[in-house]
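**Q** Supplied in structure tokens, the structure appears directly below.
None of the figures in this text is laboratory data; all of them are computed from the coordinates on show. Please read these numbers as outputs of a predicted model, since none were measured by experiment. Here Cβ is always computed from backbone atoms with ideal geometry, including for glycine, and neighbour counts include all displayed protein chains.
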Amino acid sequence: MPEGSWWGRLIGVLVNPCKTFYEWPEKAPFWPPALSLLGFNLLLSLIVLPKARAAALLALEQSPVPIAAPQLAMAKTMINYGVPIMTILVALAMPLIIWMLEAWVISLAGRAFGLQATYGDLLPVTVAAWVPTLLGGLIYKVLILALPMESMKQIQLNLAALLPPATHPGLVYLLLEKIDPFTIWNFILLGLGTAAAARVEQRRGLLVALVVWLVYVALSVPLGMVGAAFSTAA
């Protein structure tokens, strides 16, 4: 396929990102690549849906809290209908939210570094930079299909996989969770794409992406600790 096509650019960010973003057009399309990635993400989610639903039903049946038969039947009905609905909504809506949020945050951060990249310029960049995340999702879903249901909660694609499974994770565990090769790959591509959209040196775009990633870690780790504390209290 032609290198200048949007399909060619999606492949290019994986095999030759520096060249792909160096040749990035001023008005790159958003919806054609976005709809393609959303469709592929939905397909992956639907493939693992039966096992995800079965795992939810198993967790319900193994609940340590006794559940009366009528409530158990109602809960199973909610899982049978709710899990597919949520799977479809998350597969389609979550990437869009991530792309829009990334474009907005990077456009704001870029201004602090003197970069003239607008929200509209950065939206196509966030889509292309999300390809490694989709690749990580593919590997994650293959592992879900390959491993028994009891192991699904233990699947990790980050450095936290080196530690024993934690019911209530601490600071080190939460920090290692953020060192995910696919997320880091995503932020590197965001940096290269930001530089391309702003028409500046690649190192300046990478610096903006690094700052955004550090802010993301600095915010998400405390939130994870708060969530773990509430879980412990419950």
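**Q** Report, in degrees rounded to the nearest 10, the 0 to 90 angle that the Cα long axis of helix 202-233 makes with the longest principal axis of the chain.
**A** 20
**Q** Run through region 1-100 and list the GluC sites (Glu not before Pro) located in a DSSP loop whose Cβ has at most 12 other Cβ atoms within 10 Å. Write down the numbers at each step before the final one.
**A** Values: sites: 3, 23, 26, 61; in loops: 3, 23, 26.
Sparse-neighbourhood loop GluC sites (Glu not before Pro): 26.
**Q** Principal axes first, then extents: for the Cα atoms of region 157-234, list largest minus smallest coordinate on each axis, whole Å, largest first.
**A** Cα extents, longest axis first: 51, 22, 14 Å.
**Q** Figure the gain on full extension for residue 85 and residue 112 (residue separation times 0.36 nm, minus the Cα-Cα span) and round it to one decimal in nm.
**A** Values: separation 27, 0.36 × 27 = 9.72 nm, distance 4.06 nm.
Contour length minus the Cα-Cα distance gives 5.7 nm.
**Q** Next question. Grab the beta carbon distance between residue 153 and residue 35, set R0 = 25 Å, and tell me the FRET efficiency rounded to 0.05.
**A** Values: r = 32 Å, r/R0 = 1.27.
Working from the Cβ atoms, E equals 0.20.
**Q** Once region 69-118 is represented by equal point scatterers at the alpha-carbon sites, with solvent omitted, what log10 I(q)/I(0) does the Debye formula produce at q = 0.16, 0.29, 0.32 Å⁻¹?
**A** Per q value, in the given order, log10 I(q)/I(0) is -0.61, -0.95, -1.03.
**Q** Report the extension gain between residue 145 and residue 204 in nm, rounded to one decimal, defined as 0.36 nm multiplied by the number of residues separating them, less their alpha carbon distance. Write out the running numbers ahead of the final one.
**A** Details: separation 59, 0.36 × 59 = 21.24 nm, distance 4.09 nm.
Gain on stretching residue 145 to residue 204: 17.2 nm.
**Q** What FRET efficiency, computed as 1/(1 + (r/R0)^6) with R0 = 30 Å and r the Cβ-Cβ distance, is obtained for residue 98 and residue 69, rounded to the nearest 0.05? List each step's numbers first, then the result.
**A** Values: r = 41 Å, r/R0 = 1.37.
After rounding to 0.05, the efficiency reads 0.15.
**Q** Run the numbers on region 6-233 and let me know its relative contact order in percent, using alpha-carbon pairs under 8 Å that are six or more apart. It would help to have the intermediate numbers written out before the result.
**A** Numbers: 220 pairs, mean separation 54.1, N = 228.
Relative contact order comes out at 24 percent.
**Q** Which value results when the Cα radius of gyration for the chain is divided by 2.2 N^0.38 Å? Kindly include the intermediate steps, with their values, before the conclusion.
**A** Values: Rg = 20.2 Å, N = 234, 2.2 N^0.38 = 17.5 Å.
Ratio of Rg to 2.2 N^0.38 Å for the chain: 1.15.
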